[in-house]
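Chemist: Quick one: this structure, given as structure tokens, is what I'll be asking you about.
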Amino acid sequence: MNTITTIIFDFGGVLMDWNPRYAYKPIFKDDEKMEWFLENICTDEWNIEQDRGRTLKEGTQLLQKQHPEYHDLIQAYYDNWETMLHSDIPESVEILKILAAKYPTYGLTNWSAETFPIAYKKYSHFQLFKGILVSGEEKLIKPNPEIYKLMLKRFDLDAENSLFIDDNIKNIEAAKELNFNCIHFHSPEQLKKDLIEMKILD
């Protein structure tokens, strides 16, 4: 394996516990109906278009026109977005702090340009990063290879000497195609174990 000189973190699911269910559970009070709504109306595929750069207003209005009977429930998605951002993942943040003290550390995240500043302001660990690439700002999204190439160019990095950590296997596979070293994140405990095996953590 090449010498690791740079660490790149994904955010959602790795450092941040974000889930629309935190907002919709109190609204629905029925898990089955909530799951149907999130699988069929306010879907991951719909939300990711906002991460790709579509405005929250445009995405919301588009869906409300398609499903007028769910107008208010669709409106609630981004009106309650801060509730969906439940917390950081403390054990992952502790690992980040250790790594950031030893390595230049960067962020590569699929995140709306409108909501990411809210998280950045609220959670101080984002300030540990030397640079952050936000999909919504670039109109590019993982696993599109172009966003990884932009990351390398923007921050003058080498894929072969970078370690990329993400919880989405498609994002990991795309990074490997470009010669990044990768850890597929499942839990902070597993991440720590993998980092020790790679001799990045003691």
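Chemist: Percent antiparallel among DSSP beta bridges with both residues in the chain, to the nearest 5?
Modeler: Taking every DSSP beta bridge within the chain, about 15 percent pair in antiparallel fashion.
Chemist: Between beta-carbons, use under 15 Å as the cut-off and find the net charge around K193, counting Lys and Arg +1, Asp and Glu -1. Mind dumping the intermediate values first?
Modeler: Working: positive: K192, K199; negative: E91, E94, E189, D194, E197, D202.
Neighbourhood net charge equals -4.
Chemist: Quick one: L63, L108, fewest Cβ neighbours within 10 Å first, how do they rank? Walk me through the intermediate numbers first.
Modeler: On the way: L63 22, L108 27.
Listed from fewest to most nearby Cβ atoms, that is L63, L108.
Chemist: Counting each DSSP H run of 4 or more residues in the chain as -39500 (n - 2.57), what helix-only mean residue ellipticity at 222 nm follows after dividing by all residues, to the nearest 500 deg cm²/dmol? Each step should come with its number before you reach the end.
Modeler: On the way: 12 runs with 102 residues, N = 202.
Estimated from H runs of four or more residues: -14000 deg cm²/dmol.
Chemist: In the structure shown, do any of K130/K199; K97/K142; K142/K192; K121/K142; K153/K192; K25/K130 have a Cα-Cα gap over 32 Å, and if so which?
Modeler: On the way: K130/K199 22 Å; K97/K142 25 Å; K142/K192 24 Å; K121/K142 24 Å; K153/K192 28 Å; K25/K130 36 Å.
Too far apart for the 32 Å limit: K25/K130.
Chemist: Rounded if a/c is under 1.5, else prolate if a/b beats b/c, else oblate: with a ≥ b ≥ c from the C-alpha gyration tensor eigenvalues square-rooted, which is the range 107-202? Please list the in-between numbers first.
Modeler: Details: a/c = 1.68, a/b = 1.22, b/c = 1.38.
Since a/c reaches 1.5 but b/c is at least a/b, the shape of the range 107-202 is classed as oblate.
Chemist: Can you put M198, M16, M151 in order, fewest other beta carbons within 10 Å first?
Modeler: Details: M198 13, M16 22, M151 26.
Ordered by Cβ neighbours within 10 Å, fewest first: M198, M16, M151.
Chemist: May I ask for log10 I(q)/I(0) of the chain at q = 0.12, 0.14, 0.16 Å⁻¹, from a Debye sum over the Cα atoms as equal point scatterers with solvent left out?
Modeler: These q points yield log10 I(q)/I(0) values of -0.63, -0.83, -1.05.
Chemist: Can I ask one more? Can you tell me the dipole magnitude for the chain around its Cα centre, using point charges on the Cβ only (Lys, Arg +1; Asp, Glu -1), in Debye to the nearest 20? Numbers along the way, then the final one.
Modeler: Numbers: 23 positive and 34 negative charges, 126 e Å.
The calculated dipole for the chain is roughly 600 debye.
Chemist: For the range 26-167, build the charge dipole from Cβ charges (+1 Lys, Arg; -1 Asp, Glu) around the Cα centre, then report which of F155, T83, Q61 sits farthest towards its positive end.
Modeler: It is F155, whose Cα lies furthest towards the positive end.
Coordinate-derived values only; no laboratory data. If you're wondering where the values come from, they're calculated on a predicted model, not measured in any experiment. Counting neighbours? That spans all protein chains shown, and the Cβs are built from the backbone with ideal geometry, glycine included.
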